[in-house]
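Shown next, in structure tokens, is the structure this report addresses.
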Amino acid sequence: MFGVSIPEILIILVVVLLVLGPEKLPSAAQKVGNFLGMLRNQTDSIRRDFYNSIYPPAEEIKQSLENTKKELRAVAKELGGEEYLTCEQQAILEQEQEQEQEQEQDKNEKV
């Protein structure tokens, strides 16, 4: 843990016990525990704020790129540009077409 071995931790605990004494040791341990709890809460809050400030804009950008790709594929299809697609792009296009057909069938079945 943090490059500190068990014997080193025991030496630190013995020194703390000698410096503080048995009377002040419980209150000191409680204060250290409270401080570490507060520190953990603050770091969690900072991490949560950072995540919330980065993740939603990234999702918006990702969705925008997906929409643009779909629009470009539709334009390429209208222009007859399917012969210029790579095998991977052709497979993706076919997969998307199948998904669209399934969605249309589901809509028709619901009606």
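How many residues does region 62-106 contain that are of a type in the set (K, R) and at pLDDT 80 or above?
Qualifying residue count for the region: 3.
Just checking, does region 75-86 include any residue being in contact with an Asp or Glu (Cβ under 7 Å, 6 or more places away or on another chain) and surrounded by 10 or more Cβ atoms within 10 Å (Cβ to Cβ)?
Within region 75-86, one or more residues are in contact with an Asp or Glu (Cβ under 7 Å, 6 or more places away or on another chain) and surrounded by 10 or more Cβ atoms within 10 Å (Cβ to Cβ).
Could you list, in sequence order, the residues of region 87-102 that are surrounded by 10 or more Cβ atoms within 10 Å (Cβ to Cβ) and not aliphatic (A, V, I, L, M)?
Q89, Q90, E94, Q95, E96, Q97, E98, Q99, E100, Q101, E102 - these are the residues of region 87-102 that are surrounded by 10 or more Cβ atoms within 10 Å (Cβ to Cβ) and not aliphatic (A, V, I, L, M).
The values are calculated or read from the model by the stated rules, or taken from the named source; none is laboratory data. On a predicted model such as this, the values are computed, not experimentally measured, just so you know. Cβ: placed from backbone, ideal geometry, glycine included. Neighbour counts: every protein chain shown.
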